[in-house]
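Take a look at the structure below.
The values are calculated or read from the model by the stated rules, or taken from the named source; none is laboratory data. Keep in mind it's a predicted model, so treat the numbers as computed, not measured. Here the Cβ is made from the backbone with ideal geometry for all residues, glycine too, and neighbour counts use every protein chain on show. SASA here: full protein model, heavy atoms, side chains in, ligands and nucleic acids out. Shrake-Rupley method; radii C 1.70, N 1.55, O 1.52, S 1.80 Å.
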Amino acid sequence: CAGTVRDTIFVNPLPDVNFSAPLVCAGNEVFFESFSAVPDEGIIAQQLWSFGNNTVDQGAIGSTVFEEIGANTVTHIVVSEAVCVDSLNRTIEVLGSPIADFDIEDICVNQTASFNENVDISISGSVFYNWQFGDGFFSNFPNTTHDYAESGIYEVTLTATGNNVGTNGCVDEITKQI
């Protein structure tokens, strides 16, 4: 006796896994956003994150805080409704932040105020400076001067952006009154 049995099976697709890899600064919370999908109108059932720093998260957006500077491997795992699993590993570089500080002394109207940065760049590398003098004027020099036309109390802010990447690096900011 011989017979043939035929059946149709459906082979489910693997998820297409993708996620953002933002700038990562040590000590700051960072968010990774999934851009994953399942082809053929499939449905994502679960999204998991492993950050390489002994922390995990789940959901379309995963977050963590990296305390140590250096390379970490972020793994994003996506499970489809059909229980097909795929993952993507990305190595991200955790950068150090500068520590902003500056010196200033009180002055009189029409005297020149000198602003001297005292930024710790030991873990951030070189920095981009932005001074806001509290009267609508600014400077991007490390050490700078400014003349105030009117008496009063002004809030002076120094923003130091590190890692030699211009205005997109790790940031620290300090505000003092003059």
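Kindly sort THR55, THR8, THR161 by accessible area of their heavy atoms, largest first, with the probe set to 1.4 Å. Numbers along the way, then the final one.
Working: THR55 50, THR8 125, THR161 10 Å².
Per-residue accessible area, sorted high to low, gives THR8, THR55, THR161.
For all pairs of alpha-carbon atoms in segment 14-98, what percent lies in each bin of width 5 Å, listed from the first bin to the last filled one?
Over segment 14-98, the share of Cα pairs per 5 Å bin runs 3, 16, 27, 22, 14, 9, 6, 2, 1, 0 percent.
Which GluC sites (Glu not before Pro) from segment 1-110 combine a DSSP loop assignment with at most 15 other Cβ atoms within 10 Å?
Hits after loop and neighbour filter: GLU41, GLU67, GLU68, GLU81, GLU105.
Please report the carbon-and-sulfur percent of the accessible area for the chain; probe 1.4 Å, protein heavy atoms only, DNA, RNA and ligands left out.
49
When the Kirkwood radius is taken over all Cα pairs of the chain, what Stokes-Einstein diffusion coefficient follows at 4 °C and 1.567 mPa s, in µm²/s?
Values: Rh = 20.0 Å.
Reported coefficient: 65 µm²/s.
Just the number please: accessible area per residue for the chain, 1.4 Å probe, all protein chains included, in Å².
With all protein chains present, the chain gives 60 Å² per residue.
So, with +1 on the Cβ of K and R and -1 on the Cβ of D and E, and no other charges, what is the size of the charge dipole of the chain about its Cα centre, to the nearest 20 debye?
Values: 3 positive and 24 negative charges, 140 e Å.
That gives the chain a dipole magnitude of about 680 debye.
Among THR73, PRO39, ILE107, pick out the residue whose Cα is farthest towards the positive end of the charge dipole of segment 28-107, where Lys and Arg carry +1 and Asp and Glu carry -1 on C-beta, about the Cα centre.
Among THR73, PRO39, ILE107, the one farthest towards the positive end of the dipole of segment 28-107 is PRO39.
If we count every other residue with Cβ under 12 angstrom of GLU81's Cβ, Lys/Arg +1 and Asp/Glu -1, where does the sum land?
-2
Per-residue HN-Hα couplings for segment 15-29, Karplus 6.51 cos²θ - 1.76 cosθ + 1.60 at θ = phi - 60°, whole Hz, x for Gly and Pro?
Going residue by residue, I get x, 8, 9, 7, 7, 6, 10, x, 4, 10, 10, 4, x, 10, 5 Hz, with x marking Gly and Pro.
With the Cα gyration tensor of segment 90-175 in hand, convert its eigenvalues to equivalent ellipsoid semi-axes via √(5λ) and list them largest first in whole Å.
The equivalent ellipsoid of segment 90-175 has semi-axes of 29, 11, 9 Å.
Report relative contact order for the chain in percent, whole number only (criteria: Cα-Cα under 8 Å, sequence separation at least 6).
Reported relative contact order: 18 percent.
Using a Gaussian network model of the chain with C-alpha springs under 10 Å, which one of ASP147, ASP16, ASP40 is most mobile by mean-square fluctuation?
Comparing ASP147, ASP16, ASP40 in the GNM, the peak value goes to ASP40.
Determine the sum of side-chain charges near GLN177: Lys and Arg each +1, Asp and Glu each -1, restricted to other residues whose C-beta is under 10 angstrom from that of GLN177.
Numbers: positive: LYS176; negative: ASP106, GLU155.
Computed value for this residue: -1.
Considering only protein heavy atoms, what is the solvent-accessible area of ILE44 at a probe of 1.4 Å, reported in Å² to the nearest 10?
Using a 1.4 Å probe on the heavy atoms, I get roughly 60 Å².
How high is the relative contact order of segment 92-160, in percent, counting Cα pairs under 8 Å that sit 6 or more residues apart?
Result for segment 92-160 is 36 percent.
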